[in-house]
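Comments concern the structure below.
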Amino acid sequence: MLSPWHPLLSPVAPPAMELRSPLNSHNCSLTSSIRPPPPRSLARAPPTLSATAAAVSSLSATSAAISSPSCPKKKVLVPIAMGTEEMEAVIIAGVLRRASADVTLASVEDGLEVEASCGSRIIADTHIASCADQVFDLVALPGGMPGSVRLRDSDILQRITVRQAEEKRLYGAICAAPAVVLVPWGLHRRKKITCHPSFIGDLPAFRAVESNVQVSGELTTSRGPGTTFQFALSFVEQLFGLRAAEDMDKILMAQTHDGLERSAEVNELEWSCGRNPDVLIPIANGCEELEIIILVDILRRAKINVVLASVEKYPAVLGSQRMKIVADKSIMSASDSIYDLIILPGGPAGAEQLHRSRILKKLLKQQMQAGRMYGGVCSALKVLQQEGLLEDKTVTAHHAVASELTCQVIDQPNVVIDGNLITGKGLGTVVDFALAIIRKFFGHGRAKAVANGIVFEYPKS
């Protein structure tokens, strides 16, 4: 059901644990035994936040330059449904929009608002029916359960995707979707194909492979939430060329090679609270939706109680890549509770909006004074600095923000933990950021289990 606050509704992703993506936030867990039903017939002296906004906005300029303005925009369809894996849908759409593709998020449900597999609520751009007669350069299916089943059961989506394959245009699927959607539709024939490890047995044995990304003609498949950045980058390369994909890879900072220091800790402090922690993520118009959704998805998999709170008048916020996310409650309502951790997502315009919230600034100061945990990524570090929360602290930060911070900045790690503060560079490094939070609250074992479940390479130490 649509929230009563919905002005944005008007036109204006190693060996994995046995995992079936969950039905909703209440059962979003490390393991599940869901099987699909049978198919139907077929940050120096404190400058203003605006200075940082200008610096970080250069990323958008870099992204916009990836495709030549003389070429028509590439059209991409990303269908979503109740139970779709939110990391996969949002990363695919966000990366391709950064690459200047014209991406349509289309709901196969009756309404535009869908609740994804770990409880995030996303508002689609349109209904799938409005896409029926359009021609797309790419159709990319996210996974998740029961989202993949609901995609499979959409007759309109099936016709669109079958036509896409017949006309030799690009199409792809990730996680459960290759097995649950493409196989019943017959779109896997004569193709090498991969999927989430827990669904690999549902693929024809002589065609199944275990690579993170498999390109086979017009079809590209991938394994799970933790491989979605690679999946999306493969599409950037196929649509815009190798140079564009290399440039985008640098922007995303999603590399996980062995030579890269993933996290560092100074002034070690015990975070364990003897129960499932409560985490607040304030959001605003202009916040980076990839960071929001990755945090929510991964933390909820570890049974952390995550609250998304809007600092705007309405719960629905428009992210930096024009995706609409619905908060769980308002910041006013959220302020009645105490949180073990408050995390600020990045996005320069979003950071500006967060900093305007008196309630949030009060919550952050109370959090610091009580010795509870807090942190942020990318542009959000400027908010923490302006509120005096980085004094005598060691952090890591995006290069566009680091030069404007007056505290000690360590450049190499993706994540730095200093006592009760955790900071990250943003975008593709947020997976490491979220796993570091799980490790601090629950230990290495649970963090590794979650990483395995999303098919993400967890650091050995």
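The values are calculated or read from the model by the stated rules, or taken from the named source; none is laboratory data. Quick caveat, the model's predicted, so the values are computed rather than measured. Note that we place each Cβ from the backbone using ideal geometry, even for glycine, and neighbour counts take in every protein chain shown. These accessible areas exclude ligands, DNA and RNA; they are computed on the full protein's heavy atoms, side chains included. Shrake-Rupley method; radii C 1.70, N 1.55, O 1.52, S 1.80 Å.
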At 1.4 Å probe size, put 188, 196 in order of accessible surface, largest to smallest. 188, 196
Could you order 458, 171 by accessible surface area, starting with the largest, using a probe radius of 1.4 Å? 458, 171
For region 75-252, calculate the relative contact order in percent as a whole number, restricting contacts to Cα pairs under 8 Å that are 6 or more residues apart. 21
If you roll a 1.4 angstrom probe over the protein chains with everything in place, what fraction of the accessible area of region 263-454 belongs to carbon and sulfur, to the nearest %? 45
Just by accessible area at a 1.4 angstrom probe, what is the order of 71, 131 from largest to smallest? 71, 131
Quote the convex hull volume per residue of region 98-208, based on C-alpha atoms, as a whole number of Å³. 116
How much of the accessible area of region 75-252, in percent, comes from carbon and sulfur atoms when a 1.4 Å probe is used? 47
Rounded to the nearest 20 debye, dipole of region 75-252 from Cβ charges on Lys, Arg, Asp, Glu: 580
Probe 1.4 Å, accessible area per residue of region 263-454, Å²: 32
Please go through region 154-203 and write out the trypsin sites (Lys or Arg not before Pro) that DSSP classes as loop and that have at most 10 other C-beta atoms within 10 Å. 168, 190
Which of rounded, prolate, oblate describes region 343-431, given a ≥ b ≥ c as roots of the alpha-carbon gyration tensor eigenvalues and a/c under 1.5 marking rounded, otherwise prolate only if a/b is larger than b/c? oblate
For region 75-252, build the charge dipole from Cβ charges (+1 Lys, Arg; -1 Asp, Glu) around the Cα centre, then report which of 146, 203, 83 sits farthest towards its positive end. 203
Qualifying trypsin sites (Lys or Arg not before Pro) in region 376-461, DSSP loop, other Cβ atoms within 10 Å at most 11: 460
Sparse-neighbourhood loop sites, chymotrypsin sites (Phe, Trp or Tyr not before Pro) in region 193-249 - DSSP loop, at most 12 other Cβ within 10 angstrom: 206
Express the C-alpha Rg of region 263-454 as a ratio against the empirical globular expectation 2.2 N^0.38 Å, rounded to two decimals. 0.92
